[in-house]
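Contents: one structure, followed by commentary.
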Amino acid sequence: MGSQATEQAVVTGPSGSVGVPRHIAIIMDGNGRWAKARGLPRSEGHRRGVEAVRRTVDAATEFGVRYLTLFSFSSENWSRPPDEVEFLFGLLRIFIRRDLARLHRQGVRVIVIGERDGLPTDIADLVCEAEVRTAGNTGLRLIVAFNYGGRDEITRAARAIAQKVADGDMAAEDINQNTIARHLDTSSIPDPDLIVRTSGEMRLSNFLLWQSAYAEFVFLPLHWPDFDRQALRSAIDQYATRSRRYGGSGG
C-alpha cells in the first residue's frame, strides 16, 4: 500500500544476516542484447531470461525476501513485432504450466498485476489459475507485472475513485494518498524497498511509479539472462549500505 515511512522494511534472512529488503522489484532488461551479443535470435534471450527468473525466485526465497516483483511485460511492449509478443505470451504459458506446481510446493504465492482486459483468453485463465491455486500459500509473494504500466495503473485508480465520487460513495475532499494507494493494483502489497534494473539502463520505464517514491535503486551492467544468485546477493549487499531516511534528517 502507501509508503510506510515509519516502518523499517528490513528483515533478517535465514542465515541471520541483517539488511535483506522485505520487497525487491526487478526490471528484467537485456534479453535481446544478450542474444545479439552471441549471434542468437531474440527468442533465445527470452528463453534464457525465464531460466534467470527461476534462479531469482529460488535465491529470493533463500535470502528471506518476502515480496519479489518482476516486470515481465509492459503495456508498451505491445508495440513490438507481433511474433515477438506472441513468443513472450508463449513463454508465460510455459512458465505457468511447468513451474506453477513447483512454486506451489515451495509455498510461493503468485500475484499478477496489470491490465487484464484485452489479454488472450487462455492467458487470462492461466493467470487466474496461478493466483487461485497459490492463494493460501504463506511463503514468498511472487508478483508478476504483466501487461503493466505505472501510468496506466494510476489512471485506472483515478477513474475508479472518480466513479465513486460521482456515485456519491466518496467525497472529493476525503481523497488522500491512502485512497489512491488502496485503488492501485498493489493495494495489498508493501511498496518496494529495492528496485533493481539489469543491462546498465538507469530509468524506471513506467514501472511502479507511485510505489517507488522511497525505494532504493541498484543498476547492474549484466543482461537479465546472466542474472543469478550472486547478482541478487550483490544488489542486496548494496542496499544494506544505504541509509533510508524517508525525507527525514540523517541520524
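Going through region 104-122 one residue at a time, which ones are under 18 Å from the mean Cα position of the chain (by Cα) and closer than 20 Å to residue 78 by Cβ?
112, 113, 114, 115, 116 - these are the residues of region 104-122 that are under 18 Å from the mean Cα position of the chain (by Cα) and closer than 20 Å to residue 78 by Cβ.
Which of the residues spanning region 145-192 are of a type in the set (A, V, I, L, M, F, W, C), part of a loop (DSSP other than H, G, I, E, B) and more than 15 Å from the chain's Cα centre (by Cα)?
Step one: filter region 145-192 for residues of a type in the set (A, V, I, L, M, F, W, C), giving 145-146, 154, 157-158, 160-162, 165-166, 170-172, 175, 180-181, 184, 189.
Then keep just the ones that are part of a loop (DSSP other than H, G, I, E, B); that gives 170-171, 175, 184, 189.
Selection gives 170, 171, 175.
What are the pairs with Cβ atoms under 7 angstrom where one residue, in region 35-50, is under 16 Å from residue 81 (Cα atoms) and the other, located anywhere, is surrounded by fewer than 16 Cβ atoms within 10 Å (Cβ to Cβ) and charged (D, E, K, R)? Sequence gap at least six, or different chains.
The qualifying pairs are 42/84.
Just for region 137-149: of the residues that are touching a helix residue (DSSP H, G or I) at 6+ places or on another chain (Cβ under 9 Å) and of a type outside the set (A, V, I, L, M), which one is surrounded by the fewest Cβ atoms within 10 Å (Cβ to Cβ)?
Per the stated criteria, the residue is 139.
Please pick out the residue among 115, 86 that is surrounded by fewer than 18 Cβ atoms within 10 Å (Cβ to Cβ) and either part of a helix (DSSP H, G or I) or among the polar types (S, T, N, Q) (or both). Walk me through it before giving the result.
Numbers: 115 fails: either part of a helix (DSSP H, G or I) or among the polar types (S, T, N, Q) (or both).
Just one listed residue meets the conditions, 86.
Could you check region 135-179 and list, in sequence order, the residues that are in contact (Cβ under 8 Å) with a residue 60 or more places away in the chain, under 24 Å from residue 79 (Cβ atoms) and of a type in the set (D, E, K, R)?
The one that is in contact (Cβ under 8 Å) with a residue 60 or more places away in the chain, under 24 Å from residue 79 (Cβ atoms) and of a type in the set (D, E, K, R): 152.
Name the residues in region 102-112 that are part of a helix (DSSP H, G or I), surrounded by fewer than 16 Cβ atoms within 10 Å (Cβ to Cβ) and in contact with a helix residue (DSSP H, G or I) (Cβ under 9 Å, 6 or more places away or on another chain), would you?
So the first thing to find is which residues in region 102-112 are part of a helix (DSSP H, G or I), and the list is 102-105.
Now narrow it down to the ones that are surrounded by fewer than 16 Cβ atoms within 10 Å (Cβ to Cβ): 102, 105.
The answer is 102, and nothing else.
For every residue, the table says whether it meets (1) more than 24 Å from residue 27 (Cβ to Cβ); (2) in contact (Cβ under 8 Å) with a residue 24 or more places away in the chain.
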{"position": "84", "(1), (2)": "no, yes"}
{"position": "90", "(1), (2)": "no, no"}
{"position": "99", "(1), (2)": "no, yes"}
{"position": "104", "(1), (2)": "yes, yes"}
{"position": "108", "(1), (2)": "no, yes"}
{"position": "119", "(1), (2)": "no, yes"}
{"position": "133", "(1), (2)": "yes, yes"}
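Among the residues of region 51-65, write down those that are over 16 Å from residue 199 (Cβ atoms) and either crowded, with 19+ Cβ neighbours inside 10 Å or without any contact (Cβ under 8 Å) to a residue 40 or more places away in the chain (or both).
Answer for region 51-65, where residues must be over 16 Å from residue 199 (Cβ atoms) and either crowded, with 19+ Cβ neighbours inside 10 Å or without any contact (Cβ under 8 Å) to a residue 40 or more places away in the chain (or both): 57, 59, 60, 61, 63, 65.
Being surrounded by 16 or more Cβ atoms within 10 Å (Cβ to Cβ) and part of a loop (DSSP other than H, G, I, E, B) is the filter here, so list the residues in region 194-208 that pass it. Walk me through it before giving the result.
So the first thing to find is which residues in region 194-208 are surrounded by 16 or more Cβ atoms within 10 Å (Cβ to Cβ), and the list is 194-199, 204, 206-208.
Across region 194-208, the qualifying residues are 198, 199, 204, 206, 207, 208.
Which pairs do you get when a residue that is free of Cβ contacts under 8 Å to residues at least 60 places away in the same chain and over 21 Å from residue 156 (Cβ atoms), found in region 209-222, comes within reach of a residue that is in a strand (DSSP E or B) and of a type in the set (D, E, K, R), reach meaning Cβ atoms under 9 angstrom, with the pair 6+ apart or on two chains?
217/197; 218/197; 219/197; 220/197
FYI, it's all coordinate maths here, none of it is from the lab. For clarity, every value in this text was computed on a predicted model and none was experimentally measured. Don't worry about glycine lacking a Cβ; one is built from the backbone with ideal geometry, like all the others, and counts go over all protein chains shown.
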